[in-house]
């Protein structure tokens with residue numbers, strides 16, 4: 001995977017702030033005494049940050065479409081449910097897998113019955129995502145029930 005060469009974003013205040021912080025960080029690192037290998041790496045990283053023109057969200061159409069897809073699936077699955085961080089992370093991983101497994105084009109034009117398609121995962125990991133969905137039994141715990149379980153685990157931890 002490695003370090004990105006380019007970062008593209010809109011002009012949101014968080015992105016502009018992050019861009020400034022990264023610039024400050026690279027200037028700071030160049031001034032302190034570091035190991036020669038670390039200094040060489042940091043001087044050759046060269047991450048370039050690109051922003052779209054102000055008030056032009058259509059310039060970020062591709063990533064905005066991705067954000068829209070993730071939001072659609074999140075709202076459809078979650079509804080009004082409150083999730084823990086771990087539950088939300090697991091759900092986002094599943095949504096990511098679904099979106100990165102969608103077919104872009106057929107790979108074998110000569111075979112009509114072929115199911116070989118190019119997907120976004122080919123560009124991300126070099127192959128298709130092959131994991132099977134987990135069979136999960138639904139646990140109908142209330143927020144209070146979840147809280148009680150966490151408290152018991154915490155007490156058990158501190159007893160050891």
Quick check on residue 127: is it modelled with pLDDT under 90 and surrounded by 10 or more Cβ atoms within 10 Å (Cβ to Cβ)?
no
Would you tally the residues in the stretch 62-74 being closer than 17 Å to residue 15 by Cα and either modelled with pLDDT under 85 or in contact with a strand residue (DSSP E or B) (Cβ under 6 Å, 6 or more places away or on another chain) (or both)?
2
Quick check: is even one residue across the stretch 144-151 loosely packed, with under 10 Cβ neighbours inside 10 Å, over 29 Å from residue 68 (Cα atoms) and at pLDDT 80 or above?
yes
Going through the stretch 54-64 one residue at a time, which ones are surrounded by fewer than 10 Cβ atoms within 10 Å (Cβ to Cβ) and in a helix (DSSP H, G or I)?
58, 62
If you check residue 49 against the conditions, is it in contact with a helix residue (DSSP H, G or I) (Cβ under 6 Å, 6 or more places away or on another chain) and at pLDDT below 85?
yes
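The values are calculated or read from the model by the stated rules, or taken from the named source; none is laboratory data. This is a predicted model, so every value here is computed, not measured. Don't worry about glycine lacking a Cβ; one is built from the backbone with ideal geometry, like all the others, and counts go over all protein chains shown.
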